[in-house]
Structures are given as structure tokens and as C-alpha cells.
1. Between (1) 1.03; (2) 1.25; (3) 0.94, which matches Cα Rg over 2.2 N^0.38 Å calculated for the structure shown?
2. Calculate, for the chain, the solvent-accessible area per residue in square angstrom, rolling a 1.4 angstrom probe over the heavy atoms of the protein chains.
3. Would you tally the net charge around residue 242, using a Cβ to Cβ cut-off of less than 12 Å, leaving residue 242 out, and scoring K and R as +1, D and E as -1?
4. How charged is the neighbourhood of residue 257? Take every other residue with its Cβ under 15 Å from the Cβ of residue 257, and add Lys/Arg as +1 and Asp/Glu as -1.
5. Determine the share of the chain's accessible area contributed by carbon and sulfur atoms, expressed in whole percent, with a 1.4 angstrom probe.
6. Can you give me the Cα centroid spacing of segment 137-205 and segment 217-256 in angstrom?
7. Starting from the Cα-Cα distance between residue 7 and residue 188, subtract it from 0.36 nm times their residue separation and give me the gain in nm to one decimal.
8. Run down the lysines and flag those whose C-alpha is under 21 Å from the C-alpha of residue 20, throwing out any fewer than 8 positions away in its chain.
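The values are calculated or read from the model by the stated rules, or taken from the named source; none is laboratory data. Here the structure is a predicted model, which is why all the values come from computation and not from measurement. Quick reminder, even Gly has a Cβ in these numbers, built from the backbone with ideal geometry, and neighbours come from all protein chains shown. Only protein heavy atoms, including side chains, enter the accessible area calculation; ligands, DNA and RNA are left aside. Shrake-Rupley method; radii C 1.70, N 1.55, O 1.52, S 1.80 Å.
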Amino acid sequence: MVRGYLDGSFYNSNPAIKIKYADSAIVSAKLSQDNQLIGEAYATKGSLYYFYYKKYKLALNEYVNAFDYTKKTSDLFLNNMVMYHMGVVKSYLGYYQEALENFRNCIAYFEPLSNDNNLHPNLIFNNKKGYYNSLHQAIVCYRNLGDFKTADSLINVGLSKTADAKEFPLEHSYFLKCKGVIDFHNKSYQESIKLLNKALPEIKRNKDFAWESVSYFYLGKSYLALNKQKEANNYFTKVDSIFQKNNFILPELRENY
């Protein structure tokens with residue numbers, strides 16, 4: 001029953017129904033009295049609040065519940081998945097150094113397993129996804145801590161590993177987006193615009209409005225630096241439109257206003 005509800009949550013396209021399936025998974029998991037299943041169900045609901053709604057407080061509550069159960073198990077994959085999501089919340093709140101420790105630990109766990117050919121292909125895929133996403137979030141932390149050199153180095157790693165990986169188009173777009181932001185800081189405005197525009201279609205296709213708004217913001221900043229006020233304002237207005245629609249904005253985008 002838990003697996004069925006979790007699959008329903010994964011494959012349904014409606015975020016509200018995804019949440020309902022996750023709730024049913026939690027109820028069924030508690031009936032099983034299996035800490036691993038209960039932790040996984042709570043973590044799934046937390047990830048839905050994070051990815052589809054960007055409701056960090058609700059997501060954090062689910063992650064804390066998940067951690068209470070996963071710490072009683074020996075499931076290292078699940079433990080690191082919860083650690084990753086808690087790092088994302090810390091990063092959003094501005095605790096970049098603390099979040100970075102979470103992501104470093106996740107990278108140390110996921111990276112070796114992403115290349116372990118003794119594992120089932122599905123497990124290799126899951127570990128690669130965990131590695132790429134942890135790498136992306138670590139880059140965000142390094143950038144916000146002002147360590148652009150390390151961020152750029154990790155971006156190049158991410159781009160090289162996902163360039164020909166057809167299973168990870170969104171992750172590749174995240175690294176392109178990061179490269180575009182770094183190029184803006186390096187005053188390579190035309191290159192920044194080129195990369196951000198290249199990253200945007202896949203980010204928009206996955207309805208990840210948080211990174212979509214970041215891309216628009218730095219497109220606006222790049223055009224502003226090129227003295228193209230009209231184009232810049234168009235992108236700053238797009239950031240505001242996302243905020244008005246979703247009631248969400250990342251702290252670094254306050255300058256937009």
C-alpha cells in the first residue's frame with residue numbers, strides 16, 4: 001500500500017493530489033510500524049512541499065518527522081536524502097555554511113555510489129541524481145559565501161558529467177544557470193545572458209519557479225549592466241510576476257524591487 005501511494009504521488013501531475021497520495025502513504029506506513037517506510041513517506045511529503053509549493057516551513061516539519069524515523073534505521077540513502085533536504089531549507093534561511101556541511105556529506109555519500117557498476121541501474125540513477133543535486137546546492141552555498149572560485153570549479157564538474165546524460169536534463173540546466181550567474185559576477189554579461197537563456201526552457205518545463213525567478217533576475221542584472229534598461233525591466237517584472245502568483249521569493253532576489 002505504501003509503495004502504491006508513493007508511486008501515485010510520483011506519477012500524478014497534480015501537486016494537490018500528490019500531497020493526498022503522500023498523506024495516504026504516511027497513514028499506511030504507520031500501520032506497518034516500519035521506521036524506514038514511515039521516514040520515506042514523510043520525506044516524500046516534505047519534498048512535495050519544497051519542490052512544488054516552496055513552502056519551506058511545512059517542508060521542514062515533514063523533514064524533521066522523517067529524520068525522527070530514519071535515524072532509527074540503517075538506510076543510509078534515506079538518511080542522506082533527508083540530510084539533503086534539510087540542507088536546502090538551511091540554505092534558503094541563509095545559513096549557507098551549515099547547509100554546505102549537509103551537502104558535503106551528501107556528496108561524499110552519493111558520488112562513489114553513482115559510479116558503482118555493481119549496483120542495480122535504478123540505484124545508480126538515484127545516487128547520480130542525489131550527487132548532482134547535492135553538487136548544485138553546494139555551488140549555491142559557495143556562491144552566496146563569496147567563494148566564486150570553488151563554485152566555478154564545481155560547476156565545471158557538474159556540466160561535464162551531465163553534458164551527455166540524457167536522463168538528467170534538469171540537473172544540467174541547473175549547472176548552466178549557475179554558470180550564467182557566475183559569469184554575471186565576472187562581468188561577462190553577454191555570456192551570462194546566453195547561458196541563462198539556455199538553462200531556462202528545461203527549468204520552466206519542470207515548473208521550478210524558484211530557479212526560474214533567479215534566472216530572470218540575473219538576466220535583468222546583465223541587461224542593466226549593458227545599459228539596456230527596457231530589457232532589464234522586463235525581466236525584473238517577470239520576477240515580480242512569479243512572486244505575485246506563488247507568494248514566494250528567494251532572499252537574494254529582494255534587490256529586484
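1. (1)
2. Numbers: 12980 Å² over 257 residues.
Averaged over the residues of the chain, the accessible area is 51 Å².
3. On the way: positive: 54, 204, 207, 238, 245; negative: 208, 212, 240.
That sum, taken over residues with Cβ under 12 Å, equals +2.
4. Values: positive: 221, 238, 254; negative: 240, 252, 255.
Residues near residue 257 contribute 0 overall.
5. Values: 6600 of 12980 Å².
Roughly 51 percent of what the probe reaches on the chain is carbon or sulfur.
6. When both Cα centres are located, 18 Å separates them.
7. On the way: separation 181, 0.36 × 181 = 65.16 nm, distance 4.39 nm.
Value of the extension gain: 60.8 nm.
8. 30, 45, 54, 55, 57, 207
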